[in-house]
Amino acid sequence: MKKFVMGMTAAILSLLAGVSYAEYGLNFPEPATPIARHIFDLHMLTSKIITILLIIAVAFILYSVYAHRKSRGYQADQTMHKGWFGTWSWILVPAMVLGVDLTIAGSAQKSLVDMWEAPQTRCTAESKPDDKCYDMIVKVTGHQWWWEYSYMDEGITIESRYTPKEQAGDQYLRAVDNQLVLPVGKKIRFLHTSADVNHAFWVPELGMKKDAIAGYITETWAELDRKGTFRGQCAELCGTWHARMPIVVAAVDQSEFDTWVGKKQQAMQLALAEASADKVWSKDELMAKGKETYDLKCAACHQVSGEGLPPTFPALKGSVIAKGPVAAHIHMVLNGKNVMPAWNSMNDLELAAVITYERNAWGNDTGDVVQPADIKAAR
């Protein structure tokens, strides 16, 4: 019987150990920066301390329940508060708790300093690996509801939006059309701001979560030490489609990053050259380009159907703006109104195409055709 009990006990413990090991995947994701690794180590230190204290406390409770049970005739001690332990425990126990807190706080101090103090000087050939400097700057701008990444030194800007469910599959609300591509081994300074309401840039593997506030610049920094794809999310409730602001960071080698930058720069130059050309575009060409731009940048508020989300986001289908004077329509898109941002960052061709599309889609059928030259004259 004794062997049977011991065998069952061993089997149960093995099973529990297996379950515990399987659930280890529920821990923090594997860090990809030194700061994130400090945070992870602090989390593990805290967990170990909590586990040890829990085991000690539970052991005392179980022993007391067993040894001092009523069936053994044990009588409750009515004078414990007058003894040495009852008198001094009110000092000793808080002192022990404070000692544990200070142990954790001491380990946390370096992580807090590293997170809060973003580098302010650029790295040079003489800079050492441990110097607080940066190799590149990325400006992160939050929009309702997408992210804009501006690579300040490279002169490129990309817009990152969530991928629709039919294309994202299992990664719905975790996938984007344009990832934030960053090189491994470089110290990157991030400047955070917002074009409208408050947002928050949060990527757990990078060890950062920073508010993006309209009219302000906040800073963080990171130095990726491994390749991979890391996913985050806007962590500030920013409106109806807050959940549709995922962040995907692609950490790549420097050579891959340089190749990616070259392709983006070439694409931007071609787009600018096309937009600045004195070409007269046909209505069909503008409608095709306009639908693509509208679905990408305008449908989030005004819906693909043009019916909007009244009263905050008015319908364009049959609207006074879309069927009224062309000049008023151009002025509205260029300068914005109320919660609608100014879209003057788009090039002349994009604006001409999207306005032409809005004036002729969903049964508006005004027949109006807006050329890039019209936008250029209105700026």
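Quick notes
- Considering only residues in the range 367-379 that are of a type in the set (Val, Ile, Thr) and assigned to a loop (DSSP other than H, G, I, E, B), the one that is surrounded by the most Cβ atoms within 10 Å (Cβ to Cβ) turns out to be 370.
- Residue match in the range 212-230 (condition: of a type outside the set (D, E, K, R), touching a Leu at 6+ places or on another chain (Cβ under 9 Å), in contact (Cβ under 8 Å) with a residue 24 or more places away in the chain and under 13 Å from residue 141 (Cα atoms)): yes
- Of residues in the range 184-200 being touching a residue at least 60 places away in the same chain (Cβ under 8 Å) and within 14 Å of residue 149 (Cβ to Cβ), the one surrounded by the fewest Cβ atoms within 10 Å (Cβ to Cβ): 195
- Answer from 78, 109 - the residue that is closer than 30 Å to residue 223 by Cα and either free of Cβ contacts under 8 Å to residues at least 24 places away in the same chain or outside the structural domain of residue 217 (by TED's automatic domain parsing) (or both): 109
- Taken residue by residue, the range 33-46 has at least one member that is under 48 Å from the mean Cα position of the chain (by Cα), polar (S, T, N, Q) and not in a helix (DSSP H, G or I).
- Yes/no for residue 175 being modelled with pLDDT under 90, of a type in the set (Gly, Ala, Ser) and farther than 21 Å from residue 253 by Cα: no
- Residue in the range 359-366 that is surrounded by fewer than 18 Cβ atoms within 10 Å (Cβ to Cβ), touching a strand residue (DSSP E or B) at 6+ places or on another chain (Cβ under 9 Å) and not in a helix (DSSP H, G or I) present: no
- Top-ranked residue in the range 213-262 [being of a type in the set (S, T, N, Q) and outside any strand (DSSP E or B); ranked as nearest to residue 199 (Cα to Cα)]: 240
The values are calculated or read from the model by the stated rules, or taken from the named source; none is laboratory data. Everything numeric here is computed off the predicted structure, so don't read it as measured data. Cβ coordinates were reconstructed from backbone atoms using ideal geometry, including for glycine residues, and neighbour counts include every protein chain displayed.
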